[in-house]
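A quick write-up on the structure given underneath.
Every number in this text was worked out from the coordinates using simple rules, so none of it is lab data. Computed from a predicted structure; not experimentally measured. In this analysis, Cβ positions are derived from the backbone assuming ideal geometry, glycine residues included, and neighbour counts consider all displayed protein chains.
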Amino acid sequence: MITEIIASIFIVSGLFFMFVGAVGLIRLPDLFTRMHATTKCDTLGAGLVLIGLMVYAGFTFLTLNLLMILGFIWLTNPTGAHYIAESAYIVDLKTDPRDKR
């Protein structure tokens, strides 16, 4: 019973952060702020959801698989966002859509 409550708290918290990232993607003005919102929130949200699933499953082979997926997400999501931001900076992408350069 307590395991299900703890898992539910992690999963709901993760879904909240994923929702905030989706709202940030829609509402923020340019590539860099959108990328910041989605990268931070999706990494944290996916992490919390996967931790909640690990708590719910207990210590099984599934937990090891979820832990490997979590590590992969924590490594690739920020790295991919960094390279996208670097390429946008190199091509001198306008940061503000109202900028008339």
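Scan region 17-37 and report the pairs whose first residue is over 15 Å from Asn77 (Cβ atoms) and whose second residue is assigned to a helix (DSSP H, G or I), with Cβ atoms within less than 7 Å and a gap of 6+ or a chain change.
Qualifying pairs under 7 Å: Val20/Cys41; Leu28/Arg34; Leu28/Ala37; Leu31/Ala88; Phe32/Ala85.
Could you identify the single residue in Thr43, Thr33 that is closer than 22 Å to Lys94 by Cα, within 15 Å of the chain's Cα centre (by Cα), in a helix (DSSP H, G or I) and β-branched (Val, Ile, Thr)?
Going through Thr43, Thr33 in turn, the sole match is Thr33.
Is one or more of the residues making up region 86-97 in contact with a Leu (Cβ under 7 Å, 6 or more places away or on another chain) and β-branched (Val, Ile, Thr)?
Looking for residues that are in contact with a Leu (Cβ under 7 Å, 6 or more places away or on another chain) and β-branched (Val, Ile, Thr), one finds none in region 86-97, hence no.
Select from region 56-89 the residues that are loosely packed, with under 15 Cβ neighbours inside 10 Å, of a type in the set (Gly, Ala, Ser) and farther than 18 Å from Thr3 by Cβ and list them in ascending order.
Gly71, Gly80, Ser87
Within region 59-74, can one find any residue that is touching a residue at least 40 places away in the same chain (Cβ under 8 Å) and either in a helix (DSSP H, G or I) or in contact with a Leu (Cβ under 8 Å, 6 or more places away or on another chain) (or both)?
Taking every residue of region 59-74 in turn, none turns out to be touching a residue at least 40 places away in the same chain (Cβ under 8 Å) and either in a helix (DSSP H, G or I) or in contact with a Leu (Cβ under 8 Å, 6 or more places away or on another chain) (or both).
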